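Enquirer: Got a structure here, written out as structure tokens. Questions coming.
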């Protein structure tokens, strides 16, 4: 199914409410079932402390999925939001707890700043919980704005505590 006109994209999965492993597996399956999406690989999962947002949130589960898709970036965003909604995603508090969050991290070398979508993800290079699983899948992938590999971006971040790689497959 991989065709030349399909884009390579990386999606960041996150959540800290409900049965996260189930949600991630089912959401990935919903992506796989969509005709214009092919799931290529998924990273290990990481348990991470919350970054930003309200105090007292539980830890997050994070991972990254690599796909090939014939969808435009905006259509892919709409698909991801529909999948989030299927798992009860509520958007009432900025950086608040959630059952499922699917962020578009990178789509080929696309750079875009539209009202609904910024690519690459604007904070990708600042977050261990994104760079760690992305580095597991594509350490030599170049960030199209900074012209540095994912591995380089990860290695220049300050050390962090509280992140655990899990042995669960999804």
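Enquirer: Report, by residue number, each residue of the stretch 161-170 that is assigned to a strand (DSSP E or B) and touching a helix residue (DSSP H, G or I) at 6+ places or on another chain (Cβ under 8 Å). Before the answer, list the steps.
Expert: At the first step, the residues of the stretch 161-170 found to be assigned to a strand (DSSP E or B) are 164-165.
Correct list: 165 only.
Enquirer: Given the criterion over 29 Å from residue 166 (Cβ atoms) and out of contact with any strand residue (DSSP E or B) (no Cβ under 6 Å at 6 or more places or on another chain), identify the matching residue among 155, 151, 109.
Expert: From the options 155, 151, 109, the qualifying one is 109.
Enquirer: Can I ask one more? Which residues, counting only those in the stretch 46-68, are surrounded by 20 or more Cβ atoms within 10 Å (Cβ to Cβ) and under 19 Å from residue 22 (Cβ atoms)?
Expert: Once the filter is applied, which keeps residues that are surrounded by 20 or more Cβ atoms within 10 Å (Cβ to Cβ) and under 19 Å from residue 22 (Cβ atoms), the stretch 46-68 yields 46, 48, 60, 61, 62, 63, 64, 65.
Enquirer: Going through the stretch 31-80 one residue at a time, which ones are in contact with a strand residue (DSSP E or B) (Cβ under 8 Å, 6 or more places away or on another chain), within 18 Å of residue 105 (Cβ to Cβ) and in a helix (DSSP H, G or I)?
Expert: 31, 73, 76, 77, 79, 80
Enquirer: Right, something else. Within the stretch 34-45, is there a residue that is touching a helix residue (DSSP H, G or I) at 6+ places or on another chain (Cβ under 7 Å), surrounded by 16 or more Cβ atoms within 10 Å (Cβ to Cβ) and within 19 Å of residue 85 (Cα to Cα)? Working first, answer last.
Expert: Step one: filter the stretch 34-45 for residues touching a helix residue (DSSP H, G or I) at 6+ places or on another chain (Cβ under 7 Å), giving 34, 37, 39, 41-44.
Next, from what is left, pick out any that are surrounded by 16 or more Cβ atoms within 10 Å (Cβ to Cβ): 34, 37, 39, 42-44.
From the residues that got through so far, the ones that are within 19 Å of residue 85 (Cα to Cα) too are 34, 37.
Scanning the stretch 34-45 turns up at least one residue that is touching a helix residue (DSSP H, G or I) at 6+ places or on another chain (Cβ under 7 Å), surrounded by 16 or more Cβ atoms within 10 Å (Cβ to Cβ) and within 19 Å of residue 85 (Cα to Cα).
Enquirer: Please count how many residues of the stretch 112-160 are part of a loop (DSSP other than H, G, I, E, B) and either in contact (Cβ under 8 Å) with a residue 40 or more places away in the chain or surrounded by 12 or more Cβ atoms within 10 Å (Cβ to Cβ) (or both). Let's see the steps before the verdict.
Expert: Here is the first cut: in the stretch 112-160, the residues part of a loop (DSSP other than H, G, I, E, B) are 114-117, 120-123, 127, 138-141, 143-148, 156-160.
Now drop any that are not either in contact (Cβ under 8 Å) with a residue 40 or more places away in the chain or surrounded by 12 or more Cβ atoms within 10 Å (Cβ to Cβ) (or both), which leaves 114, 116-117, 120-121, 123, 127, 138-139, 141, 143-146, 148, 157, 160.
Within the stretch 112-160, residues that are part of a loop (DSSP other than H, G, I, E, B) and either in contact (Cβ under 8 Å) with a residue 40 or more places away in the chain or surrounded by 12 or more Cβ atoms within 10 Å (Cβ to Cβ) (or both) number 17.
Enquirer: Right, another one. From the list 71, 76, which one is at pLDDT 95 or above, over 14 Å from the mean Cα position of the chain (by Cα) and surrounded by 18 or more Cβ atoms within 10 Å (Cβ to Cβ)?
Expert: Details: 76 fails: over 14 Å from the mean Cα position of the chain (by Cα).
On inspection, the qualifying residue turns out to be 71.
Enquirer: Where the second residue is outside any loop (DSSP other than H, G, I, E, B) and at pLDDT 95 or above and the first is at positive phi and lies in the stretch 36-55, which pairs have Cβ atoms under 9 Å and are six or more apart or on separate chains?
Expert: none
Enquirer: Since residue 103 meets every condition but one in (1) assigned to a loop (DSSP other than H, G, I, E, B); (2) touching a strand residue (DSSP E or B) at 6+ places or on another chain (Cβ under 9 Å); (3) closer than 17 Å to residue 11 by Cα, which condition does it not meet?
Expert: The failed condition is (1).
The values are calculated or read from the model by the stated rules, or taken from the named source; none is laboratory data. Small disclaimer: the values here were computed from a predicted structure and weren't measured. Cβ coordinates were reconstructed from backbone atoms using ideal geometry, including for glycine residues, and neighbour counts include every protein chain displayed.
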